[in-house]
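The values are calculated or read from the model by the stated rules, or taken from the named source; none is laboratory data. Small disclaimer: the values here were computed from a predicted structure and weren't measured. Cβ coordinates were reconstructed from backbone atoms using ideal geometry, including for glycine residues, and neighbour counts include every protein chain displayed.
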Amino acid sequence: MIHTTHSIRVRYGETDPMKYVYYGNYAEYFEVARVELFRGLGIPYDEIENQGIWLPVSEYSIKYLKPALYDQILQIHTYIKKLPGVKIEFEYEIYNSSKQKITEAKTTLFFLDSAKNKIIKCPDFLMDLLVKNWRT
């Protein structure tokens with residue numbers, strides 16, 4: 001398993017009139033968390049793209065347990081719980097400033113050869129990096 005944690009402070013423009021984070025902003029939070037997970041593994045996301053690999057999202061599910069509020073610092077825990085094939089699955093948990101779990105989510109992305117526009121298996125350079133950082 002791979003696990004990382006990233007912090008985000010809720011900005012005013014991300015909230016609705018009740019000062020709750022607008023539901024559409026969670027997808028962006030998860031994207032930031034995925035990018036930071038790859039950075040923590042030693043590969044910036046744009047390097048994956050420079051290698052000719054795109055990672056489009058094919059599935060996204062979310063469960064809101066409690067609202068995230070303006071100016072809170074959120075801890076986003078991101079997990080990869082199984083090694084990828086043609087797709088890679090990320091699971092997320094968001095905790096608020098009081099350490100309460102407020103959101104659970106999952107995204108599935110697939111590996112796409114950008115030159116051929118064809119779905120491929122996880123490229124070796126990325127699989128090697130995942131295996132090297134895998135914890136049981």
| said: So, in region 17-43, how many residues would count as being free of Cβ contacts under 8 Å to residues at least 24 places away in the same chain and either surrounded by 13 or more Cβ atoms within 10 Å (Cβ to Cβ) or among the aromatic types (Phe, Trp, Tyr) (or both)? | reply: 6
| field | Residues satisfying the stated conditions in region 36-70, i.e. closer than 16 Å to residue 127 by Cβ and either assigned to a helix (DSSP H, G or I) or in contact with a Cys (Cβ under 6 Å, 6 or more places away or on another chain) (or both) | value | 37, 38, 41, 47, 48
| task | Can you tell me which residue among 117, 133, 50 is at pLDDT 95 or above and at positive phi? | result | 117
| message | Looking only at region 8-34, filter to residues that are under 17 Å from residue 65 (Cα atoms) and hydroxyl-bearing (Ser, Thr, Tyr); which one of those is nearest to the chain's Cα centre (by Cα)? | response | 29
| message | Can you find, within region 98-136, the residue that is farthest from residue 61 (Cα to Cα) among those that are surrounded by 13 or more Cβ atoms within 10 Å (Cβ to Cβ) and among the β-branched types (Val, Ile, Thr)? | response | 120
